[in-house]
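The values are calculated or read from the model by the stated rules, or taken from the named source; none is laboratory data. Given the structure is predicted, the values throughout are model-derived calculations rather than measurements. Note that we place each Cβ from the backbone using ideal geometry, even for glycine, and neighbour counts take in every protein chain shown. What goes into the accessible areas is simple: the full protein's heavy atoms, side chains included, and nothing from ligands, DNA or RNA. Shrake-Rupley method; radii C 1.70, N 1.55, O 1.52, S 1.80 Å.
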Amino acid sequence: MTDKKIIAVVGATGAQGGGLVRAILNDPKGGFTARAITRDTKSDKARELAQLGADLVAADIDDEASVRKAFEGVQGAFCVTFFWEHFSPEKEIAQVQNMAEAAKAAGVKHVIWSTLEDTRQWVPLTDNRMPTLKGKYKVPHFDGKGESNKLFTNLGVPTTFMLASFYWENLIFFGMGPKKGPDGNLAITFPMGDKKLPGMAAEDIGKCAYGIFKKRDKFIGKTVGIAGEQLTGAQMAAALTKAIGREVRYNDVPPDAYRALDFPGADDLGNMFQFKRDFQEYFCGVRNVNFSRTLNPELQTFNEWLAKNKDRIPIEEKKA
């Protein structure tokens, strides 16, 4: 154990971080061990990671000193934020600043920052194709992350910028699964037209990150996009139909209609889907599935993910 290089994983009990911790621990000959960083080391998820062999360390990304301490003596650090806990790009940027400064102070040799595009580089605030949100963002949960990339670069922290894709787990946990519409039919709803949506299993994000850590020298200073498959809404609906044994249709709606849905962050997600639709060639282009498989040979397709997870997807029978 002593000669293994330590990878510190922020958000170790979350979707991305948990996948990375497991990938490290499932590769006993890989030369790495996992330091699982979480605010609550006594949670069930944290204890589960400890039982698998992770070293649990308490830290809070709102507190730079605690993160610096957690990063001491590590070779690599995986940095991630969770926007949906607070809906504040400014808070997210401050958290990234804390992680970047902690990594610099601790002398971390390789950081993976799980980021996303700053969509304002494609859709300026003066562009009325989509509304400006919170006064200065187009897609707040993207833009704050993208704006934060420079925080690592400016400090000279050796960083790989990893662009993840839509989690298929959103069908389970984020209310995006099949719902019964006014016509009585089950449908998934996205404002994507016939454009493809890059998606992947959350655990595969962690496995891809592990692949990046193993090839450190090749990826420092690079931006790396990952996806498990690129599917249209109609293709996703067809796969769901086959998996659950009931017809699921694809309900394509205008972005304005999606933004008007009654749940927190609907405007943000409506803008996000519109960005992915309008700039599909770029968005899919940087998230190459074959490349992702070189990082993670176990990369799942949507059908493979559905075979394992179909029973976890809530089917909303109530008419919308």
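Things to note:
- When the listed pairs LYS134/LYS276; LYS42/LYS109; LYS195/LYS215; LYS104/LYS136; LYS29/LYS218 are checked against a 26 Å cut-off, the alpha-carbon distance exceeds it for LYS42/LYS109; LYS195/LYS215; LYS104/LYS136.
- With all protein chains kept in place, the per residue accessible area of segment 1-129 amounts to 46 square angstrom at a probe of 1.4 angstrom.
- Take the Cα of PHE82, step 7 Å toward its Cβ, do the same at GLU316, and the gap between the two points is 2.2 nm.
- Dimensions (Å) - segment 143-211, Cα atoms, principal axes, largest first: 56, 25, 22
- The fraction of all Cα pairs in segment 142-292 landing in successive 10 Å bins from 0 to the largest distance is 10, 35, 34, 16, 5, 1, given as whole percents.
- Stretching the chain fully between ASP60 and ASP183 yields a gain of 39.6 nm (0.36 nm per residue, less the alpha carbon separation).
- Long-range tail of P(r) for segment 239-320 (Cα pairs > 21 Å, %): 55 percent
- The chain: antiparallel DSSP beta bridges as a percent of all, rounded to 5: 15 percent
- Annotation: average projected area of the chain is 16.0 square nanometres, based on the convex hull of Cα atoms across all directions.
- Across all directions, the shadow cast by the convex hull of segment 49-99 built on its C-alpha atoms averages 4.2 square nanometres.
- Cα-derived Rg to Rh of segment 66-184, Kirkwood definition: 1.07
- Projecting the Cα atoms of TYR282, MET272, GLN300 onto the charge dipole of segment 251-301, computed from C-beta unit charges around the Cα centre, puts GLN300 farthest toward the positive end.
- Counted residue by residue at 0.36 nm each, then reduced by the alpha carbon distance between them, the extension gain from THR294 to TYR282 reaches 2.2 nm.
- Efficiency of FRET from Cβ geometry, ASN154 and GLU304, R₀ 51 Å, rounded to 0.05: 0.80
- When +1 charges are put on Lys and Arg Cβ atoms and -1 charges on Asp and Glu Cβ atoms, the dipole computed for segment 145-303 relative to its Cα centre reaches about 580 debye.
- Dividing the radius of gyration of the alpha carbons in segment 200-258 by their Kirkwood radius gives 1.18 for Rg/Rh.
- Between LYS242 and PHE173, the modelled labels are 2.7 nm apart [label points 7 Å from Cα along Cα→Cβ].
- Only the Cβ atoms of Lys and Arg (+1) and of Asp and Glu (-1) were treated as charged; on that basis the dipole of the chain about its Cα centre amounts to roughly 680 debye.
- If you plug the beta carbon distance of ASN128 and GLN51 into 1/(1 + (r/R0)^6) with R0 = 35 Å, you get a FRET efficiency near 0.10.
- Separation between Cα centres of segment 95-171 and segment 232-300, rounded to whole Å: 20 Å
- Excluding ligands, DNA and RNA, the accessible surface per residue across segment 244-290 is 50 Å² with a 1.4 Å probe.
- Packing rank of 259-272, 72-85, where each peptide gets the mean count of other beta carbons within 10 Å, highest leading: 72-85, 259-272
- Accessible area of the chain belonging to carbon and sulfur atoms, whole % at 1.4 Å probe: 50 percent
- Relative contact order (percent, whole number), the chain, Cα cutoff 8 Å, 6+ residue spacing: 17 percent
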